[in-house]
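Presented below is the structure to which this report refers.
Read the figures in this text as sums done on the coordinates, not as results from a lab. This one's a predicted model, so the numbers in the text were calculated from it and none came from an experiment. Here the Cβ positions follow ideal geometry from the backbone for every residue, glycine too, while neighbour counts run over all protein chains shown.
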Amino acid sequence: MLKTQFPRLGASLRNRVLSAPLSAQRFYSQDASAGLIKELSSLKDMKEFISKENKVSVVDFYAVWCGPCKALEPIFHKLAEKTPEVQFGRVDVDQASDLATEYGVTAMPTCIFFKDGEKVDTIIGANPPKIVKLIKDYSGIDVTTR
């Protein structure tokens, strides 16, 4: 499915995701990718999370019923594994609708990029190649070489 849905996703990253056992492909489970991705449920959590200086933060606004969100989750997890210098967070829009409203999220998935606490970019829809590009643009880290 990922191969057809995300044809421009780097072959190396796509192959790692596709070869992972299904049990490793957590689809928005409670363990949130073994602590690599922080679940954000309040405005206070969000402000704390994005306020770290000299840090790029990527926050995925998702819904558990959203098919593209489920497809993006294992890729988001792999990106979090490969780039520990970048913070990865996620917001369940049904559980934290106030956060979705605060950040103007109207479609899922939406990934918002922050740098030094400021919103710098937004991706609406599941677009892994653009996520990889923006990680490089804002952090200087080329995920495709890791």
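Key figures for this structure:
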read-out: Some residue of region 124-131 being surrounded by fewer than 20 Cβ atoms within 10 Å (Cβ to Cβ) and part of a strand (DSSP E or B); value: yes
read-out: Residue within region 110-121 that is touching a helix residue (DSSP H, G or I) at 6+ places or on another chain (Cβ under 7 Å) and more than 12 Å from S57 (Cβ to Cβ) present; value: no
